[in-house]
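Each remark here refers to the structure printed beneath this line.
A short reminder: the numbers here are calculations on the coordinates, not readings from a lab. Keep in mind that this is a model prediction, so the values were computed, not measured. Note that we place each Cβ from the backbone using ideal geometry, even for glycine, and neighbour counts take in every protein chain shown.
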Amino acid sequence: MAARDIRQYPGESVFERNKMKRLLFPALALAAAVIGCDNKGIDHEGPRDISISVIPRVDTVSFGDSTLFIALVYNTNQRAVTWYVNDDPSGNDSLGNMTPLNDTSAYYHPPFIYDQVTFDSVLIKARSNADTTKFGIAVANLVHPNFVFVDSAIGNDISGKGTIFHPYRTITKGLSVVTTGQTLIVGPGTYSAATGEVMPLTPPYRVTLKGKGIDSTRVLAPTGINISTPAILLRNNLAAVESLTVIGGTITGVGITMSPNIDTLSNFELTILGCRVTQCFIGVATKSNPRRSSQILLYQSQIDNCRIGVISTQNGYALIQQNVFEAIDSAGVLVTLGSQIFLGQTSGPNLPGENSFVFGSGDGWCVINLDTSDFYAQMNQWPATDSAAIDTLWIYDDDEDPTKGTVHFWPE
């Protein structure tokens, strides 16, 4: 045994080994006690403060809709919160209301009547019930489900929200975010390539581009005479433009082109309503499938001081009613071969066109029909009252070229 101890602990006596054990065991026991301690009696930092986060931090909600906010409460087992809208407990009818889902979640509902709202965002707060000095915050941006706003004077394409109080600056930006069924409201001012617009301005499917009136909202047309590069292009089904003016550059440029993006057989509609097109080489150009069910509509607008008011090209079809054509150099309405335009009587007798041609002796033809088919122009106001004068001075058809179709007008 001694020999085994000597070999295992060379130079060390049994007494020395026993002494070391007596010293080592208490130290190991103390270390084990410290390591195994759960620190319940030791607190170097003290109790932590309650804190709250609200998610999402920023959300967008449409009038008539709602959005859910969730409070994340830390450092307490009492997680219930009280919700505020702009410091008003639970909100109110003017600010919108919070509807609790449970202790930590609630739906925010915007005000019911949009026309009375004078803001486009609210501050959502969640207050801890365990410590009423602790809040978490979030922001709800309010948008109208039907409108996106653009204003060249006060808008901003980077920080704007497309709301009436924080609009975008350019029509181009507005068209990039507008969604199906909405109207892009364009404020007063002049919009052009020089101000950041990318032409042609092309409303998406079932979107209306609407100005503040022909004396207020103006769009400058690019130079040139190509109908594929107008100021505004209507090509997506149910797209429309309303209540603005398109201005050319002293008889240059194309105002609006209406050209469906598919060869449709039915249920396709493009509309111009209440607009003015002036100083363009071509005011309005149409290019489409020649189907009456594919409606291209020009209503209650004014086209003046252009070389050509309306031209129908490459199977173009259009119904033109209640418009004013004035001071046109060449043709108020030019119907080319293979196209169709109606200034009245589209599907039944005596459907009125009710267009006014305000032409003087130095102006061009009111109507030129270059197609071989007849052209209906019933119940319009012509520069003369005598039918013979109208037929010979203001309408170009089979009387001037026997290969062309007749323009049926009233009176005749």
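Details
- Expressed as a fraction of 2.2 N^0.38 Å, the value expected for a compact globular protein of N residues, the C-alpha radius of gyration of the stretch 38-147 is 1.27.
- Three-way shape label, the stretch 66-130, alpha-carbon gyration tensor, a/c 1.5: prolate
- Stretchable slack from Arg57 to Thr223, in nm (0.36 nm times residue separation minus alpha-carbon distance): 55.1 nm
- When only the Cβ of Lys, Arg, Asp and Glu is charged (+1, +1, -1, -1), the dipole of the stretch 147-409 relative to its Cα centre reaches about 1320 debye.
- Potential lengthening of the chain between Gln116 and Asn261 amounts to 48.2 nm, from the contour at 0.36 nm per residue minus the alpha-carbon distance.
- Ranked list, fewest to most other Cβ atoms within 10 Å of each Cβ, for Val58, Val333, Val367: Val58, Val367, Val333
- Segments 235-248, 213-226 sorted - mean Cβ within 10 Å per residue, highest first: 235-248, 213-226
- The alpha carbons of the stretch 147-409 give a radius of gyration and a Dmax of 18.3, 62 Å, in that order.
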